[in-house]
Each structure stands twice: as structure tokens, then as C-alpha cells.
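Comments concern the structure below.
The values are calculated or read from the model by the stated rules, or taken from the named source; none is laboratory data. Worth saying up front: this structure is predicted, and the values here are computed from it rather than measured. Every residue, glycine as well, gets a Cβ built from its backbone with ideal geometry; the counts of neighbours run over all protein chains shown. Heavy atoms of the whole protein, side chains included, go into the accessibility calculation; ligands, DNA and RNA do not. Shrake-Rupley method; radii C 1.70, N 1.55, O 1.52, S 1.80 Å.
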Amino acid sequence: MKVDPVLLQEFQKRLEESQHKMTQKVFITSAYKLDTAEIDRILAVFPQIRDKEYENIVDKNLLGGIIIRFGSKVIDLSIEETLDSFLKHIYEIN
Amino acid sequence: MEKLGIDPKILVAQLINFGLFTFIFVKFIAGPFLKIIENEKKKDQERALLAERVTKQEAELANLEKEAKEKIRKDMDAAVAQVRKETAELKKELMHQAQQEAHDIVENAQASMKETKLQFERELKDKLTTMSVLIVKNALKAYLDENMQKSVTDRILKELSNPQAN
């Protein structure tokens with residue numbers, strides 16, 4: 001199938017822009033909607049995401065805590081992660 | 001001579017007759033007859049010798065048979081003794097081997113049981129841990145409201161802001 005080169009170029013450009021946006025944007029997942037003060041405190045703790053655009057994603061399945069995603073990095077500060085780490089630790093001991 | 005009743009002619013004739021008879025008897029009857037008798041005597045002697053030889057050989061054969069039987073009996077006894085000795089050794093060796101194998105089997109079984117027990121314990125511990133964490137997660141899900149979740153977030157951020165406080 002032959003694709004119009006102009007169309008292909010436009011698609012690639014938009015894809016790159018979208019990827020760039022995605023890498024530039026910070027996603028903060030929490031069990032409830034975080035208020036501005038909490039967001040500011042999070043940004044203060046992690047200077048590497050301070051100047052980036054952020055989005056608060058509410059996940060009701062999350063027990064508590066927050067998960068921060070930016071680019072390919074994930075900072076998991078959720079209760080699930082704490083419990084899973086504990087579980088891994090117990091498995092290692094066993 | 002005539003007075004005596006002897007006729008010389010007849011006498012001469014009788015003498016000739018007797019001489020002829022003697023000659024014929026000696027030549028054709030007595031000689032072969034004596035020869036036959038001698039031959040028979042010789043054959044008897046040969047038979048006697050042969051019989052004696054046969055008796056001697058029979059005695060020798062009987063002696064040889066006795067010696068051979070004795071030798072066979074001794075060889076048989078020695079062979080039986082050797083077989084008994086080898087059998088006893090083989091039995092001893094087989095017993096030892098069987099005992100060793102039984103010991104190995106028992107040891108392997110014990111090791112296997114121990115390993116299985118440990119494995120079972122590990123699996124049980126893992127399952128218990130998983131189940132405990134699952135129970136904790138479910139309990140927290142039911143227990144944590146938004147205020148508590150806010151407290152959790154606050155605590156996390158406090159710990160992150162001041163890591164030396166822990």
C-alpha cells in the first residue's frame with residue numbers, strides 16, 4: 001500500500017509532538033483528588049518535575065499514597081508498593 | 001623151528017608186516033597225533049598265560065578304577081567345599097550390598113522427605129504471607145476513607161521532606 005509522503009510526514013510530526021508532550025508531562029496518580037497544596041508539596045520534594053506540566057489521575061483502586069510517572073520513570077509511593085515490597089522481602093527470607 | 005610151530009616165512013612176513021605197520025603208524029598216525037597233543041598243550045599254556053594276564057589286568061583295572069573313584073570323590077569334595085566357600089562369600093557380599101542399598105534408599109528417602117517438608121513449609125509460608133497481605137489490602141480498602149488517605153499522603157510527603165526524621 002502506498003502512503004502519501006506528506007501525510008506520513010505529518011503523522012510522524014504529530015506522533016513526535018505527542019511523545020514529547022508525554023515525556024514532558026508528569027502524571028500523579030492518587031486514590032483521591034489532590035489539592036493544590038499537596039501538589040505543591042510533591043513538586044517541592046521532586047525538583048526534577050517542578051517545571052513540568054502535571055496531571056492528577058484519580059484511581060479509586062489505589063489504597064493510599066501516590067504514584068508519580070514522568071517519561072519512562074515511575075516513583076511509586078503507594079501503600080500497595082509498600083506491601084508488595086514487604087511481600088518480596090518475606091519471600092526472600094523464606 | 002618148525003618143531004616149535006614157527007614158520008620162518010611167516011615170521012619174516014610178520015616181521016616185515018610189523019615193520020611196515022610201525023613205519024606207517026609212526027609216520028602217519030603217532031606223529032600227527034603227538035603234534036596235535038603238543039599243539040593243544042601249547043594252546044592250554046597260552047590260554048593259562050592269557051587268563052593270568054587277563055586276571056592281572058582286571059586287578060590292575062579294578063585298582064585303577066578304585067583310584068579314579070577316590071580321586072573323583074576327593075575332587076568332588078574339594079569342588080563342593082570350594083562352591084560352599086564361594087557361595088558363602090557371595091552371600092556375604094550380596095547381604096552387604098543389599099544392606100548398603102537399603103541404607104542408601106532410606107537415606108535418600110529421608111533426604112527427599114526432608115526436602116519435601118522444607119518445600120512444603122516454604123510454600124505454606126509464601127501462601128500465608130500472600131494471604132496476609134491480601135487480607136491487609138482488603139482491610140485497608142474497607143477501612144481507609146479519604147481523610148485517612150490524605151493523612152497517608154501527608155505522612156509520605158513529610159517523610160520525603162525530612163528523611164532523617166525516620
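Ignoring ligands and nucleic acids, what accessible area does A:L77 show with a 1.4 Å probe (Å², nearest 10)?
Rounded to the nearest 10, that gives 40 Å².
Work through the residues other than A:L87 whose Cβ is under 11 Å from its Cβ and net out their charges, Lys, Arg +1 and Asp, Glu -1. Walk me through the numbers on the way to the answer.
Working: positive: A:K88, B:K137; negative: A:E80, A:E81, A:D84, A:E92, B:D126.
Charge balance near A:L87 sits at -3.
Using the Karplus curve 6.51 cos²θ - 1.76 cosθ + 1.60 with θ = phi - 60°, work out ³J(HN,Hα) for each residue of segment A:11-20 in order, rounded to whole Hz, and write x for Gly and Pro.
5, 4, 4, 5, 4, 4, 4, 5, 5, 4
Determine, at each q value in 0.15 (inverse angstroms), the log₁₀ of I(q)/I(0) that the Debye formula gives when each Cα of segment B:39-153 is one equal point scatterer.
Those come out to -0.94, one per q.
Whole-Hz ³J(HN,Hα) for each residue in segment B:142-147, computed from phi via Karplus 6.51 cos²θ - 1.76 cosθ + 1.60 with θ = phi - 60°, x for glycine and proline: what do you get?
With the stated coefficients, segment B:142-147 comes to 6, 8, 6, 9, 4, 5 Hz.
If you take each beta carbon of peptide A:60-67 and count the beta carbons of other chains within 10 angstrom, what is the mean? Please report the intermediate quantities before stating the final value.
Values: counts 1, 1, 3, 11, 12, 5, 5, 0.
So the per-residue partner count for this stretch is 5.
Within straight cross-link reach of B:K69, meaning Cα distance under 21 Å, which lysines are found once same-chain residues fewer than 8 apart are removed?
Answer for B:K69, where 21 Å is the Cα cut-off: B:K56, listed by chain and number.
For chain A, take N as its residue count and report Rg(C-alpha) divided by 2.2 N^0.38 Å. It would help to have the intermediate numbers written out before the result.
Working: Rg = 18.5 Å, N = 94, 2.2 N^0.38 = 12.4 Å.
Taking N as the residue count of chain A, the ratio is 1.50.
Under a 5 Å amide H to amide H cut-off, with H placed in plane at 1.01 Å, what residues pair with A:L77 once short-range neighbours are removed?
Placed amide hydrogens put A:I66, A:I67, A:I68 under 5 Å from A:L77.
With a 1.4 Å probe and all protein chains in place, put B:V106, A:V45 in order of accessible area, largest first. Working shown, then result.
Working: B:V106 75, A:V45 35 Å².
Listed by decreasing accessible area, they come as B:V106, A:V45.
Find the centroid of the Cα atoms in segment A:9-30 and in segment B:31-66, then give the distance between the two in whole Å.
Using only Cα atoms, the two centres lie 138 Å from each other.
In whole Hz, what ³J(HN,Hα) sequence does segment B:110-119 give by Karplus (6.51, -1.76, 1.60; θ = phi - 60°), x for Gly and Pro?
Along segment B:110-119, the couplings run 5, 4, 4, 5, 4, 5, 4, 5, 4, 4 Hz.
Sort B:M148, B:M95, B:M113 by heavy-atom solvent-accessible area, probe 1.4 angstrom, most to least.
On the way: B:M148 65, B:M95 110, B:M113 135 Å².
The ranking, largest first, comes out as B:M113, B:M95, B:M148.
Determine which lysines satisfy two conditions relative to B:K35: a Cα distance under 29 Å, and not lying fewer than 8 residues away in the same chain.
The reachable lysines, counting only those whose Cα sits under 29 Å from B:K35, are B:K27, B:K43.
Need the list of lysines near A:K13 for cross-linking: C-alpha distance under 29 angstrom, and skip anything on the same chain fewer than eight residues off.
By straight Cα distance, A:K13 reaches A:K2, A:K21, A:K25, A:K52, A:K73.
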